[in-house]
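Everything on this sheet refers to the single structure shown next.
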Amino acid sequence: MTTASGPATTRGFTTRGWILFAVMAVLWGVPYLFIKEAVESLSPAAVVSGRTLLGALILLPVALHRRALGPALRLWPWVLAFGAIEMAGPFLLLSHAEQTLPSGLTGLLVATVPLFAAIIAFTRGDRGALRPARVVGLAVGFAGLVVIVAGPGLAVAGAPGLVAVGEVLVVALCYAIAPFIIATKLRDVPSLGTITLSLAAVGLFYLPIALLTQHEVPTVRSTVSLVALAVLCTALAFLAFFALIAEVGPVRAPLFTYVNPIVAILLGVIVLGEHLSPALLVGFPLVLAGCWLAATGGFTRRRRDALPPVAPG
């Protein structure tokens, strides 16, 4: 998820900020578990449609109350473009990939967003995006990916696994591109309006595909997971993220994304009994360290032109 915001605040983490930080670390660390459970009896298109439509219905009253839809409707082509890159493609690819990949590994691969964001920023002329610390971060992060895909014990095996890894990396690339649409085309549109309209459009687009591809009666477990995905990881998570940005500012707010993979991997192991391969154990810290350096530059100095907030899931 990405969001437009006003001027960055320089406040640190208050008690409320830490609570919101912890909430977001969990809410966007658990989607991979719920997706894994949902696709057991729901088609990927059904998961996307159900998640986005229900999320939009929950957010709609709030968006109407705050009069956030009008500005979004006036720039609907860019809102739809944002929805396609931030939701329509990634949500479907994640659902399809998790038919093959463990949920924890999926969460870790999505955490590579800052690596792609740094590269995109550099191609757009931001030379500061590849300062020495960030170059080191890119190298370390991609080394971690190589270890995970081809290292000891093979966290990913076979052609289907490699295809699924590719799908998740495309998701990470999409999550890295979407903030630039917000920053350049939707800067003055309320985030809540953009998100609500995008969710509704994506849900309606996938609804007929979901009806055509859903060939079995969903299990209770998959249905509960889908509802949790929509209510907790979509609607509630977006509202909490907006509150977190208001509390601590857009620079500090996305730092919880470095905790998300830990939550995803722990839940995968504890709840689903997923295996921690040697490759994953070695590559996991490399990816997180590389992403942190790529996104922050090691906090060598505060930047007014920091990349827009990004929170996968």
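The values are calculated or read from the model by the stated rules, or taken from the named source; none is laboratory data. Keep in mind the model is a prediction, meaning the values are calculated, not measured. Using ideal geometry, Cβ is built from the backbone for each residue, glycine included, and neighbour counts are taken over all protein chains shown.
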Practice item. Might you check whether a residue that is in contact (Cβ under 8 Å) with a residue 40 or more places away in the chain, in contact with a Lys or Arg (Cβ under 6 Å, 6 or more places away or on another chain) and not hydroxyl-bearing (Ser, Thr, Tyr) occurs anywhere in region 64-77? Key: no
Revision key, fill the gap. Output for Cβ contacts, cut-off 7 Å, separation at least six or different chains, first residue in contact (Cβ under 8 Å) with a residue 60 or more places away in the chain and closer than 9 Å to residue 37 by Cα in region 217-229, second part of a helix (DSSP H, G or I) and basic (Lys, Arg), reads 226/51
Review point. Any chance region 34-42 includes a residue that's part of a helix (DSSP H, G or I), farther than 19 Å from residue 90 by Cα and among the basic types (Lys, Arg)?
Key: no
Practice item. Would you please list the contacts, defined by Cβ atoms under 6 Å and residues six or more apart or on different chains, that run from a residue in region 47-58 that is farther than 8 Å from residue 203 by Cα to a residue that is polar (S, T, N, Q) and surrounded by 24 or more Cβ atoms within 10 Å (Cβ to Cβ)? Key: 55/234; 56/196
Practice item. Within region 99-120, track down each residue that is surrounded by fewer than 24 Cβ atoms within 10 Å (Cβ to Cβ) and closer than 18 Å to residue 177 by Cα. Key: 116, 119, 120
Revision key, fill the gap. Subset of region 14-33, residues of a type in the set (A, V, I, L, M) and surrounded by fewer than 19 Cβ atoms within 10 Å (Cβ to Cβ), comes to 19, 22, 23, 25, 26
Check your understanding: Within region 79-98, restricting attention to residues that are crowded, with 24+ Cβ neighbours inside 10 Å and among the aliphatic types (A, V, I, L, M), which residue is farthest from residue 191 (Cα to Cα)?
Key -> 97
Check your understanding: in a loop (DSSP other than H, G, I, E, B), free of Cβ contacts under 8 Å to residues at least 60 places away in the same chain and farther than 30 Å from residue 148 by Cα - does that describe any residue in region 112-125?
Key -> yes
Point to revise | Given (1) at pLDDT 85 or above; (2) over 22 Å from residue 60 (Cβ atoms); (3) surrounded by 24 or more Cβ atoms within 10 Å (Cβ to Cβ), number of the condition residue 206 does not satisfy | key: (2)
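Per-residue answers, yes or no, for (1) modelled with pLDDT of 85 or more; (2) of a type in the set (Gly, Ala, Ser):
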position	(1), (2)
130	no, no
142	no, no
152	no, no
157	no, yes
162	no, no
174	yes, no
180	no, no
196	yes, no
199	yes, no
